[in-house]
Amino acid sequence: MPRWPRELTKKQEQVCRFVDRYWNQHGIAPTFSEIADELGLTDRSHARQSVGLIAKKGFLEMQAGIPRSLKLTDRWRQFLNRRLDKQTNPLVDEVAKDQPDLFARWSPDDWAQLRSVRGVGGALTREAVIDEAVKINENRDIRQKFEALLTVGATREQLVMWIKDKYQEIDAREWRKQRRKG
């Protein structure tokens, strides 16, 4: 069985955008003929083939034999959000090139989290990108240390002490009293 590329081609993205727009305008999915007309294809079988490939990639769902059953999946929304996040925070890539050590060992989730952060006016400044990257690194390190404590079978008291030490937590009862007074 052939392996399909995970991301969309430009033509496949056009199909998804058309399906999305059609749903928003008409409240139903377009037919294969309407998709073929929109893309300038000579035959609706080409549209059906394109939709089938998009469905295999997980961006669309359809029910065989049921007309107008196309539905965009959450993967399509995530694709749009990633694209928007990348456009909204263009400085992320520049800062990553300037400070590669700060972004060492980053997972795709770390990158997605950074790109999804919004600044006061929309896009992040260089300083804000660095600050957010530092926070992501700290959170990852804390999570890894906590997971390591769990795997060695740390007692509840050891975990509580570690958390208090790490976060300088105050007693919850004292915090509530202070909050009620304030």
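The values are calculated or read from the model by the stated rules, or taken from the named source; none is laboratory data. What you see is a predicted model, and the numbers here were worked out from it, not measured in a lab. Here the Cβ is made from the backbone with ideal geometry for all residues, glycine too, and neighbour counts use every protein chain on show.
Checking Trp106 against (1) in a helix (DSSP H, G or I); (2) within 30 Å of Val134 (Cα to Cα); (3) modelled with pLDDT of 85 or more, which test does it fail?
Evaluating Trp106 over (1) in a helix (DSSP H, G or I); (2) within 30 Å of Val134 (Cα to Cα); (3) modelled with pLDDT of 85 or more leaves (1) as the failure.
Sort out which residues of the range 47-89 are at pLDDT 85 or above and charged (D, E, K, R), and write them in order of number.
The answer is Arg48, Lys56, Lys57, Glu61, Arg68, Lys71, Asp74, Arg75.
Can you tell which of Ile35, Ile54 is surrounded by 16 or more Cβ atoms within 10 Å (Cβ to Cβ), among the aliphatic types (A, V, I, L, M) and touching a Leu at 6+ places or on another chain (Cβ under 6 Å)? Steps first, answer last, please.
Working: Ile35 fails: touching a Leu at 6+ places or on another chain (Cβ under 6 Å).
Going through Ile35, Ile54 in turn, the sole match is Ile54.
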